[in-house]
Amino acid sequence: MSADPVPEHYRAAAADGRIALVAESFERFLGRPLVEPGDDLVASMWHAPAAILAHGTEPDPIFFFANARALAAFDYDVETILRTPSRLSAEASLREERQALLDRVTREGFIDDYSGVRIASSGRRFTIEQAIVWNILDEQGVRHGQAATFTL
């Protein structure tokens, strides 16, 4: 595990339960844990070897979690990504495709076969392959957003 500390914002945000729901929903849909089980879920997610991102259910969904790998991939710091609409992770010309993907996830619960081009805040383009995207649901089935994980 990296020595980089978990950003304090994520420690505070963990209290509302949404970060735990990201991991719980993944396990519910895929039948395996998102990260290695441990005493500190937030730290495990922050230091995971794969990128993990999650956005809420606002009309223009905003990221509420992005781990260290995701921040590096998208060239963001924590404060900036937490104000960023998730649609900005795709170039304008690819946003319809991205929305179709998210609509499919809404209907099916999760997908594990997404590949596509994303754009970093610097304008650098990169490809993600075999991404898993899933709905973040509580035990009552209320949707709290969507999340994705992928390796680079």
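Here are a few things to note about the model shown:
- Lone qualifier among 110, 150 - being closer than 23 Å to residue 46 by Cβ, modelled with pLDDT of 95 or more and touching a helix residue (DSSP H, G or I) at 6+ places or on another chain (Cβ under 7 Å): 110
- Exactly one residue among 40, 77 is closer than 22 Å to residue 10 by Cβ, surrounded by 12 or more Cβ atoms within 10 Å (Cβ to Cβ) and acidic (Asp, Glu), and that residue is 40.
- The lone exception for residue 68 - which of (1) hydrophobic (A, V, I, L, M, F, W, C); (2) surrounded by fewer than 18 Cβ atoms within 10 Å (Cβ to Cβ); (3) touching a His at 6+ places or on another chain (Cβ under 7 Å) it fails: (2)
- Applying the condition of being outside any strand (DSSP E or B) and among the small types (Gly, Ala, Ser) to segment 114-147 and asking which residue is nearest to residue 90 (Cα to Cα) yields 120.
- Being within 22 Å of residue 112 (Cα to Cα), part of a loop (DSSP other than H, G, I, E, B) and at pLDDT 95 or above is a property that residue 28 lacks.
- Hey, residue 74 modelled with pLDDT of 95 or more and either in contact with a Phe, Trp or Tyr (Cβ under 8 Å, 6 or more places away or on another chain) or among the hydroxyl-bearing types (Ser, Thr, Tyr) (or both) or not: no
- Close pairs (8 angstrom Cβ cut-off, 6 or more residues apart or separate chains): closer than 17 Å to residue 63 by Cβ in segment 19-42, assigned to a loop (DSSP other than H, G, I, E, B) and among the small types (Gly, Ala, Ser) anywhere: 34/48
So that you can scan it fast, the table gives a plain yes or no per residue for (1) within 18 Å of residue 152 (Cα to Cα); (2) not acidic (Asp, Glu):
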position: 69; (1), (2): yes, yes
position: 72; (1), (2): yes, yes
position: 75; (1), (2): yes, no
position: 80; (1), (2): no, yes
position: 85; (1), (2): no, yes
position: 88; (1), (2): no, yes
position: 97; (1), (2): no, no
position: 104; (1), (2): no, yes
position: 118; (1), (2): yes, yes
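- Check on residue 117, touching a residue at least 24 places away in the same chain (Cβ under 8 Å), touching a Pro at 6+ places or on another chain (Cβ under 7 Å) and surrounded by 12 or more Cβ atoms within 10 Å (Cβ to Cβ): no
- Checklist (1) farther than 19 Å from residue 21 by Cβ; (2) in contact (Cβ under 8 Å) with a residue 60 or more places away in the chain; (3) over 12 Å from the mean Cα position of the chain (by Cα) applied to residue 57, failing item: (1)
The values are calculated or read from the model by the stated rules, or taken from the named source; none is laboratory data. From a predicted model like this one, the values you see are computed outputs, not experimental measurements. Here the Cβ is made from the backbone with ideal geometry for all residues, glycine too, and neighbour counts use every protein chain on show.
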